[in-house]
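Below is one structure, written out as structure tokens; the observations come after it.
Nothing in this text is a laboratory measurement; each read-out follows from the coordinates by a stated rule. Predicted model only: the values in this text are computed from it and were never measured. With ideal geometry, Cβ positions are generated from the backbone for all residues, glycine too; neighbour counts draw on all protein chains shown.
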Amino acid sequence: MQTLYEKIGGEETIEKLIVAFYQYVLADPLMIPFFENTSMEKLRKMQKAFFSIALGGPEPDIPISLYEAHRGRGIEVRHLTRFTEHLMETLLEIGVEEEDAKKVYERIATFSNEVLGESSVDG
Ligand code: HEM
């Protein structure tokens, strides 16, 4: 069976997605302060790995802990909501079909607890 990763166009689509997504995020005053001290090059690499794993693509040998990466940053539900809105917007903009975009969105939303620190399970 085709994975969601393959269905939306694999690595090429994920790369496009990550670049376009952070253009939205870094243009949003609500988001900017969170990323002031972040190496975007590293973050894009980590996000590429994460999306690949989350959508059923190849699993790069990179340790990712969503809980560790986000804890203590003061991320609230409203930030998470905006973040995922930008994700949806970007998916549609780069040409992912709406039905698939919703599936990606839902898949990513299952990691919300780790980002908000409501779970101590490593991601
Ligand atoms: C479900 C939603 C989210 C997912 C799936 C996600 C995913 C990730 C991933 C995979 C990383 C890299 C982790 C690592 O380096 O080990 C990361 C880092 C980061 N995330 Fe998120 N994230 C989400 C929501 C958010 C939100 C809402 C914010 C703030 C508004 C945020 C801010 C950051 C920052 C600042 C870093 C970089 C940390 C550093 O500098 O090392 N994330 N995120």
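The table for this structure:
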| item | result |
| --- | --- |
| Cα point-scatterer Debye curve for region 4-116, base-10 log of I(q)/I(0) at q = 0.11, 0.14 Å⁻¹ | -0.32, -0.54 |
| Violating pairs (Cα-Cα greater than 20 angstrom) within the set Lys48/Lys103; Lys16/Lys42; Lys42/Lys102 | Lys42/Lys102 |
| Residue exposure sequence - Val96, Val77 - by fewest surrounding Cβ within 10 Å | Val77, Val96 |
| Burial ordering of Ser39, Ser52, Ser65, fewest other beta-carbon atoms within 10 Å first | Ser39, Ser65, Ser52 |
| Principal axis dimensions, largest first and in whole angstrom, of region 60-123 by Cα | 34, 31, 15 |
| C-alpha center-to-center spacing [region 95-118, region 1-79] in angstrom | 11 Å |
| Cα centre as origin, Lys/Arg/Asp/Glu Cβ charges: region 4-116 dipole, Debye | 360 debye |
